[in-house]
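Below is one structure, written out as structure tokens; the observations come after it.
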Ligand SMILES: Cc1cc2nc3c(=O)[nH]c(=O)nc-3n(C[C@H](O)[C@H](O)[C@H](O)COP(=O)(O)O)c2cc1C
């Protein structure tokens, strides 16, 4: 159960973004609250409207929002939660985290947070095994970021291998442990 626990869910750009909608539902069902950041890439796959309707909160997607940033929104988002979950985590956002980028709302929040961070990668198997991604993942792990998955199987692109988003039950388990 996630009673009184606040999850900040970052949804980045990949086919598996639609599974984040179900993750929102599971977090709420476990009595947690969930606030969402949708990256530019993520918004190509799912709409802010469905994310906010399920989360019951507005969706955050703009680092340069005059209204949100009047209260230093990115710092608030980074701190007003018990854990940060990136699901699905694209190769791009993983590289941004590893490189310490702060070039959009999601990467800025990830750099500014002092909360536990969980990353659930999902991508084409060749992207996953690319040495750049492998090195980035090692960097994340060495900094204490929990990496859940990916799992093996058939991908949306028709290829087989490692790269599917981890089972949502495994991501929920990691959230439960991190937000304790
Ligand atoms: C149809 C399509 C599917 C994609 N699927 C994935 C994916 O599953 N995982 C991934 O890491 N990138 C995927 N990409 C590439 C990312 O969307 C792209 O790198 C994007 O810049 C990531 O945005 P983000 O930084 O907001 O995550 C896909 C691109 C397209 C056009």
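Any read-out appearing in this document is the output of simple, stated calculations on the displayed coordinates, not a laboratory observation. Here the structure is a predicted model, which is why all the values come from computation and not from measurement. Note that each Cβ is placed from the backbone with ideal geometry, even for glycine, and that neighbours are counted across all protein chains shown.
For the reader, a short list of remarks on this structure follows.
- Kirkwood-type radius of the chain, with distances r between different C-alpha atoms, in Å: 16.0
- Label-to-label distance for residue 154 and residue 101 is 3.3 nm, based on points extended 7 Å past Cα in the beta-carbon direction.
- Annotation: extensible slack from residue 50 through residue 6 equals 13.9 nm (criterion: 0.36 nm per residue apart, minus Cα-Cα distance).
- Extension gain for residue 58 to residue 29 (0.36 nm times residue separation, less C-alpha to C-alpha distance): 8.6 nm.
- Kirkwood hydrodynamic radius (C-alpha pairs) into Stokes-Einstein, the stretch 27-68, 10 °C and 1.306 mPa s, D in µm²/s: 143
- Ranked list, fewest to most other Cβ atoms within 10 Å of each Cβ, for 67, 129, 39: 67, 129, 39
- A crude spin-label estimate for the pair residue 67 and residue 130, with each label 7 Å from Cα along the Cβ direction, gives 3.7 nm.
- Helix content alone sets the calculated 222 nm mean residue ellipticity of the chain: runs of n ≥ 4 DSSP H residues at -39500 (n - 2.57) each, divided across all residues, give -12000 deg cm²/dmol.
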